[in-house]
Amino acid sequence: MLTALERQAHDLLVQFYSVRSAARAQRSKVEELVQQLPIAPIDRLPDELLSRIFELSLLATAEKLGLCHVHRLWKRELAGVSRRWKGIVLHSPSLWTYIKVTPTWGKGLLQAYVRRSAECLVDV
């Protein structure tokens, strides 16, 4: 009985290693296929150009809606698209130069805007 259980355990281990090997092979194939996917045109644009597009988008949206908080909301939306876009939003000083302090602004938010605006002139 013990020998049969040991044999069964061995067979299960062999089967497990076989399944794990097959899963690795499939993962490799999937990664290879993903690498072959065409790059979206937006992803071909350099970060500087995307930053400028974001800046113009913020200006157009703020003018159209006339809201002071549109900058905060729109930046949050842009940053939520992808890691790359988040990095561009957070590291584009020109996107952080418009500050309209309202009662909802805390000291931390104001400091973040000033820090992210870097050496750009700030419109308060």
query = Applying the selection to region 21-54, what residues are at pLDDT below 90 and either of a type in the set (S, T, N, Q) or under 18 Å from Ser117 (Cβ atoms) (or both)?
reply = Gln35, Gln36
ask   = Just wondering, is there one or more residues in region 60-77 that are more than 26 Å from Val124 (Cβ to Cβ), open to solvent by less than 80 Å² (accessible area, probe 1.4 Å) and either small (Gly, Ala, Ser) or modelled with pLDDT under 90 (or both)?
value = no
query = Can you find even one residue in region 71-83 that is assigned to a helix (DSSP H, G or I), farther than 19 Å from Ala118 by Cβ and either in contact (Cβ under 8 Å) with a residue 40 or more places away in the chain or polar (S, T, N, Q) (or both)?
reply = no
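One line per residue, one yes/no per condition, for (1) surrounded by 10 or more Cβ atoms within 10 Å (Cβ to Cβ); (2) free of Cβ contacts under 8 Å to residues at least 40 places away in the same chain; (3) within 30 Å of Leu90 (Cα to Cα); (4) among the acidic types (Asp, Glu):
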residue	(1), (2), (3), (4)
Ala23	yes, yes, no, no
Ile39	no, yes, yes, no
Ile42	yes, yes, yes, no
Pro46	no, yes, yes, no
task = Report, by residue number, each residue of region 115-124 that is open to solvent by less than 80 Å² (accessible area, probe 1.4 Å) and in a helix (DSSP H, G or I).
result = Arg116
remark   = Screening Trp96, Trp105 for residues that are more than 26 Å from Ala40 (Cβ to Cβ), open to solvent by less than 80 Å² (accessible area, probe 1.4 Å), at pLDDT 85 or above and not polar (S, T, N, Q) leaves only Trp96
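The values are calculated or read from the model by the stated rules, or taken from the named source; none is laboratory data. Just so it is clear, the structure is predicted and the values come from calculations on it, not from any experiment. Note that we place each Cβ from the backbone using ideal geometry, even for glycine, and neighbour counts take in every protein chain shown. Note: accessible area is taken over every heavy atom of the protein model, side chains too, but ligands, DNA and RNA are not part of it. Shrake-Rupley method; radii C 1.70, N 1.55, O 1.52, S 1.80 Å.
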